[in-house]
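Quick notes on the structure that follows.
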Amino acid sequence: MTYQLDIDKILESSELPAFLLTKDHIILKVNQAFCQFFGISCKDVEGKRCYEFVHGLNELPDFCPLQGDAYTCPFPGCPGETCEEKPPCCPKEPSSALKEAKTAVKGFYHKDFFEPKLKKHLLVTLIPLYDERGEHFGYLHFIEDRTEEKELEELLKTTVDLYPGLFFINDEDFNI
């Protein structure tokens, strides 16, 4: 089964910073949320390599979801190999999944990490894209800033660990 995607519409409608990336890691198109996140204009970034612009590096960083060892499957209980009962999600190396493409979208890459240049905790999701012949041509790349959540999580862990008495945290509905 092949899906037809309107990439421009997906980028325009996304509230998350997002961009279209070639398989060679060149940024083709960015959305307005991306421009606001980085404080730049589209012209400042389109045509540049993502790892040079975003990370300030000359090659993909170790934490990049497209690095073979950095890939983590978001599905719990996944055996770490291409799954047969659900969409392919767990190739041991990204290249193995890319070579066997038969649909416009096949699997995705998902990674939560700290970006030193931006000093932010990010969750990135990359969706490989394929043409009608099944050949890989790029990725849709989404960025979510998780810095506040991570900092709050660390604060809560520290507070719970250091508080000498009974302690619990509840939400606005008084659930512990």
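The values are calculated or read from the model by the stated rules, or taken from the named source; none is laboratory data. Since we're looking at a predicted model, the values are computed, not measured. Virtual Cβ from ideal backbone geometry, glycine too; neighbours counted across all protein chains shown.
Worth a mention:
- When we screen Leu155, Leu140, Leu126, Leu166 for residues that are in contact with a Phe, Trp or Tyr (Cβ under 6 Å, 6 or more places away or on another chain) and hydrophobic (A, V, I, L, M, F, W, C), the only hit is Leu126.
- Any chance Leu28 is surrounded by fewer than 16 Cβ atoms within 10 Å (Cβ to Cβ) and part of a loop (DSSP other than H, G, I, E, B): no
- All conditions in (1) basic (Lys, Arg); (2) within 14 Å of Leu129 (Cβ to Cβ); (3) at pLDDT 55 or above hold for Lys102, with the sole exception of (3).
- Residue pairs whose Cβ atoms lie under 8 Å apart, sitting 6 or more positions apart in sequence or on different chains, and linking a residue in segment 1-20 that is assigned to a loop (DSSP other than H, G, I, E, B) to a partner that is at pLDDT below 90 and among the polar types (S, T, N, Q), are Met1/Thr103; Thr2/Thr103; Tyr3/Thr103.
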